[in-house]
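Input: a single structure, listed below in C-alpha coordinates.
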Amino acid sequence: MLTHSQPHHLDTIIEKLRYSGAAIEQLNNHSLRVIGSEDIRSQDITTSPYPGFPTDMQAQFIVLMTQASGTSIITETIFDRRFTHINELLRLGANIEVSGDKALVRGKTPLSGAETLATDLRASASLVLAGLIANGETIVNEVEHLDRGYEKLEGKLKSLGAHIERIKE
(Lines give C-alpha, C1' and ligand atoms only; values in the text may rest on other atoms or scores of the structure.)
Protein backbone atom coordinates (compact mmCIF):
# COMPACT_ATOMS: atom_id res chain seq x y z
CA MET A 1 0.00 0.00 0.00
CA LEU A 2 1.25 3.47 -0.89
CA THR A 3 0.17 6.14 1.58
CA HIS A 4 0.77 9.87 1.94
CA SER A 5 0.83 10.28 -1.83
CA GLN A 6 -0.93 12.29 -4.48
CA PRO A 7 -2.32 9.60 -6.81
CA HIS A 8 -3.50 12.17 -9.35
CA HIS A 9 0.17 13.17 -9.81
CA LEU A 10 0.97 9.54 -10.69
CA ASP A 11 -1.58 9.03 -13.47
CA THR A 12 0.97 8.16 -16.17
CA ILE A 13 2.87 5.74 -13.93
CA ILE A 14 -0.37 4.11 -12.76
CA GLU A 15 -1.49 3.70 -16.39
CA LYS A 16 1.81 1.99 -17.31
CA LEU A 17 1.72 -0.28 -14.26
CA ARG A 18 -1.85 -1.29 -15.04
CA TYR A 19 -0.95 -2.04 -18.65
CA SER A 20 1.93 -4.20 -17.36
CA GLY A 21 -0.59 -6.26 -15.40
CA ALA A 22 -0.68 -4.69 -11.94
CA ALA A 23 -4.00 -4.19 -10.18
CA ILE A 24 -4.13 -0.70 -8.68
CA GLU A 25 -6.90 0.54 -6.44
CA GLN A 26 -7.17 4.10 -5.18
CA LEU A 27 -8.26 3.80 -1.55
CA ASN A 28 -8.71 7.51 -0.91
CA ASN A 29 -7.22 10.83 -2.03
CA HIS A 30 -3.81 9.91 -0.60
CA SER A 31 -3.50 6.10 -0.77
CA LEU A 32 -3.15 3.35 -3.35
CA ARG A 33 -3.05 -0.42 -3.15
CA VAL A 34 -0.84 -2.06 -5.79
CA ILE A 35 -0.92 -5.80 -6.46
CA GLY A 36 1.60 -7.15 -8.92
CA SER A 37 1.07 -9.91 -11.44
CA GLU A 38 3.10 -12.96 -12.39
CA ASP A 39 2.18 -12.25 -16.01
CA ILE A 40 3.89 -8.96 -16.85
CA ARG A 41 3.16 -7.46 -20.26
CA SER A 42 5.88 -5.66 -22.22
CA GLN A 43 5.31 -2.13 -23.42
CA ASP A 44 7.09 0.82 -24.96
CA ILE A 45 7.77 3.87 -22.83
CA THR A 46 8.95 7.35 -23.78
CA THR A 47 10.01 9.75 -21.05
CA SER A 48 8.64 13.28 -21.20
CA PRO A 49 7.98 16.22 -18.87
CA TYR A 50 5.03 16.06 -16.47
CA PRO A 51 2.33 14.90 -17.00
CA GLY A 52 4.19 12.43 -19.24
CA PHE A 53 6.23 9.44 -18.11
CA PRO A 54 8.92 10.70 -15.69
CA THR A 55 12.57 10.13 -16.50
CA ASP A 56 13.05 9.42 -12.78
CA MET A 57 11.07 6.17 -13.20
CA GLN A 58 12.75 5.00 -16.40
CA ALA A 59 15.44 2.85 -14.72
CA GLN A 60 12.91 1.10 -12.48
CA PHE A 61 10.63 0.37 -15.44
CA ILE A 62 13.52 -1.09 -17.39
CA VAL A 63 13.96 -3.59 -14.54
CA LEU A 64 10.23 -4.38 -14.67
CA MET A 65 10.42 -4.88 -18.44
CA THR A 66 13.23 -7.45 -18.02
CA GLN A 67 10.54 -9.61 -16.42
CA ALA A 68 7.83 -8.88 -19.01
CA SER A 69 6.89 -11.30 -21.76
CA GLY A 70 8.12 -9.79 -25.03
CA THR A 71 10.20 -6.84 -26.15
CA SER A 72 9.96 -3.26 -24.92
CA ILE A 73 11.51 -0.08 -26.27
CA ILE A 74 12.34 2.54 -23.67
CA THR A 75 13.07 5.98 -25.14
CA GLU A 76 14.83 8.57 -22.94
CA THR A 77 14.08 12.09 -24.19
CA ILE A 78 15.05 14.14 -21.13
CA PHE A 79 18.67 13.39 -20.17
CA ASP A 80 21.66 12.17 -22.15
CA ARG A 81 23.48 9.24 -20.57
CA ARG A 82 20.53 8.26 -18.36
CA PHE A 83 21.17 4.61 -19.32
CA THR A 84 24.33 4.17 -17.20
CA HIS A 85 22.57 1.55 -15.07
CA ILE A 86 22.12 -0.77 -18.04
CA ASN A 87 25.72 -2.01 -17.98
CA GLU A 88 25.13 -3.08 -14.38
CA LEU A 89 21.84 -4.77 -15.29
CA LEU A 90 23.72 -6.69 -17.99
CA ARG A 91 25.97 -8.06 -15.22
CA LEU A 92 22.82 -9.55 -13.70
CA GLY A 93 21.87 -11.20 -16.99
CA ALA A 94 19.42 -8.68 -18.43
CA ASN A 95 18.97 -8.75 -22.21
CA ILE A 96 19.15 -5.06 -23.15
CA GLU A 97 20.62 -3.27 -26.15
CA VAL A 98 21.14 0.49 -26.23
CA SER A 99 21.18 2.59 -29.37
CA GLY A 100 21.28 6.33 -28.81
CA ASP A 101 18.27 7.36 -26.75
CA LYS A 102 16.58 3.94 -26.97
CA ALA A 103 16.96 0.78 -24.93
CA LEU A 104 15.58 -2.45 -26.37
CA VAL A 105 14.64 -4.71 -23.46
CA ARG A 106 13.93 -8.37 -24.15
CA GLY A 107 12.08 -10.30 -21.46
CA LYS A 108 11.27 -12.47 -19.68
CA THR A 109 14.88 -12.78 -18.58
CA PRO A 110 16.01 -14.61 -15.45
CA LEU A 111 18.44 -12.46 -13.49
CA SER A 112 21.34 -13.82 -11.44
CA GLY A 113 23.06 -12.18 -8.49
CA ALA A 114 26.24 -10.20 -9.11
CA GLU A 115 28.29 -7.38 -7.65
CA THR A 116 27.16 -4.04 -9.09
CA LEU A 117 28.06 -0.36 -8.88
CA ALA A 118 25.41 2.31 -8.43
CA THR A 119 26.20 5.34 -10.57
CA ASP A 120 23.35 7.61 -9.50
CA LEU A 121 20.13 7.73 -7.50
CA ARG A 122 17.85 6.11 -10.09
CA ALA A 123 20.47 3.50 -11.01
CA SER A 124 20.76 2.62 -7.33
CA ALA A 125 17.04 2.01 -7.00
CA SER A 126 16.92 -0.06 -10.18
CA LEU A 127 19.84 -2.24 -9.04
CA VAL A 128 18.19 -2.90 -5.69
CA LEU A 129 14.99 -3.93 -7.46
CA ALA A 130 16.90 -6.11 -9.91
CA GLY A 131 18.80 -7.69 -7.01
CA LEU A 132 15.52 -8.57 -5.32
CA ILE A 133 14.37 -10.31 -8.51
CA ALA A 134 17.69 -12.07 -9.15
CA ASN A 135 18.54 -15.59 -8.08
CA GLY A 136 21.45 -15.59 -5.65
CA GLU A 137 23.12 -12.69 -3.91
CA THR A 138 23.42 -9.22 -5.40
CA ILE A 139 25.68 -6.57 -3.92
CA VAL A 140 25.06 -2.92 -4.77
CA ASN A 141 28.15 -0.80 -4.08
CA GLU A 142 28.31 3.00 -3.71
CA VAL A 143 24.86 3.39 -2.18
CA GLU A 144 25.36 6.94 -0.95
CA HIS A 145 23.24 7.97 -3.96
CA LEU A 146 20.49 5.69 -2.75
CA ASP A 147 20.62 7.07 0.79
CA ARG A 148 20.28 10.61 -0.57
CA GLY A 149 16.96 9.83 -2.24
CA TYR A 150 15.40 6.91 -0.38
CA GLU A 151 15.40 7.16 3.40
CA LYS A 152 15.78 3.77 5.15
CA LEU A 153 14.94 1.86 1.96
CA GLU A 154 16.15 -1.51 3.21
CA GLY A 155 13.88 -1.29 6.27
CA LYS A 156 10.88 -0.45 4.11
CA LEU A 157 11.65 -3.32 1.76
CA LYS A 158 12.14 -5.73 4.67
CA SER A 159 8.68 -4.77 5.94
CA LEU A 160 7.36 -5.98 2.58
CA GLY A 161 9.16 -9.32 2.92
CA ALA A 162 12.38 -8.58 1.03
CA HIS A 163 15.60 -10.35 1.96
CA ILE A 164 17.94 -7.37 2.06
CA GLU A 165 20.62 -6.13 4.39
CA ARG A 166 23.06 -3.26 4.58
CA ILE A 167 26.65 -4.38 4.79
CA LYS A 168 28.88 -2.15 6.89
CA GLU A 169 32.39 -1.67 5.50
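The values are calculated or read from the model by the stated rules, or taken from the named source; none is laboratory data. Quick caveat, the model's predicted, so the values are computed rather than measured. With ideal geometry, Cβ positions are generated from the backbone for all residues, glycine too; neighbour counts draw on all protein chains shown.
For region 99-115, indicate whether the set of residues that are without any contact (Cβ under 8 Å) to a residue 24 or more places away in the chain and touching a Lys or Arg at 6+ places or on another chain (Cβ under 9 Å) is non-empty.
Initial filter on region 99-115 (without any contact (Cβ under 8 Å) to a residue 24 or more places away in the chain): 99-100.
Retained after the next criterion (residues that are touching a Lys or Arg at 6+ places or on another chain (Cβ under 9 Å)): none.
No, every residue in region 99-115 fails to be without any contact (Cβ under 8 Å) to a residue 24 or more places away in the chain and touching a Lys or Arg at 6+ places or on another chain (Cβ under 9 Å).
Of all the numbered requirements in (1) of a type in the set (D, E, K, R); (2) in a loop (DSSP other than H, G, I, E, B); (3) closer than 20 Å to Met57 by Cα, Arg166 misses one, and that requirement is (3).
Could you please find all residues in region 89-98 being out of contact with any Lys or Arg (no Cβ under 7 Å at 6 or more places or on another chain) and in a strand (DSSP E or B)? Within region 89-98, Ile96, Glu97, Val98 qualify. Look at Leu104 and say whether it is part of a strand (DSSP E or B) and not assigned by TED's automatic domain parsing to the domain that holds Ile133. For Leu104, the condition - part of a strand (DSSP E or B) and not assigned by TED's automatic domain parsing to the domain that holds Ile133 - is not met. With respect to the conditions (1) closer than 21 Å to Ser48 by Cβ; (2) loosely packed, with under 13 Cβ neighbours inside 10 Å, Ile167 lacks only one, and its number is (1). Is it true that Leu127 is within 26 Å of Ile167 (Cβ to Cβ) and in contact with a strand residue (DSSP E or B) (Cβ under 7 Å, 6 or more places away or on another chain)? The answer is yes for Leu127. A count restricted to region 55-88 and to residues that are aliphatic (A, V, I, L, M), part of a loop (DSSP other than H, G, I, E, B) and without any contact (Cβ under 8 Å) to a residue 40 or more places away in the chain stands at 1. Looking across region 56-81, the residues that are of a type in the set (Gly, Ala, Ser) and either surrounded by fewer than 15 Cβ atoms within 10 Å (Cβ to Cβ) or not assigned by TED's automatic domain parsing to the domain that holds Gly107 (or both) come down to Ser69, Gly70. Within region 36-49, the residues that satisfy the criterion of being in contact (Cβ under 8 Å) with a residue 24 or more places away in the chain and in contact with a helix residue (DSSP H, G or I) (Cβ under 8 Å, 6 or more places away or on another chain) are Ile40, Arg41, Ser42, Gln43, Ile45, Thr47. I'd like to check something: does region 118-127 contain any residue that is surrounded by fewer than 16 Cβ atoms within 10 Å (Cβ to Cβ) and either hydrophobic (A, V, I, L, M, F, W, C) or over 20 Å from Glu38 (Cα atoms) (or both)? No, there is no match, as no residue in region 118-127 is surrounded by fewer than 16 Cβ atoms within 10 Å (Cβ to Cβ) and either hydrophobic (A, V, I, L, M, F, W, C) or over 20 Å from Glu38 (Cα atoms) (or both). Consider region 1-54 and keep the residues that are assigned to a loop (DSSP other than H, G, I, E, B) and β-branched (Val, Ile, Thr). The one that is surrounded by the most Cβ atoms within 10 Å (Cβ to Cβ) is Ile40. Would you mind stating whether Ala23 is outside the structural domain of Leu117 (by TED's automatic domain parsing), at pLDDT 95 or above and of a type in the set (A, V, I, L, M, F, W, C)? Here the answer is yes, as Ala23 does meet what is asked.
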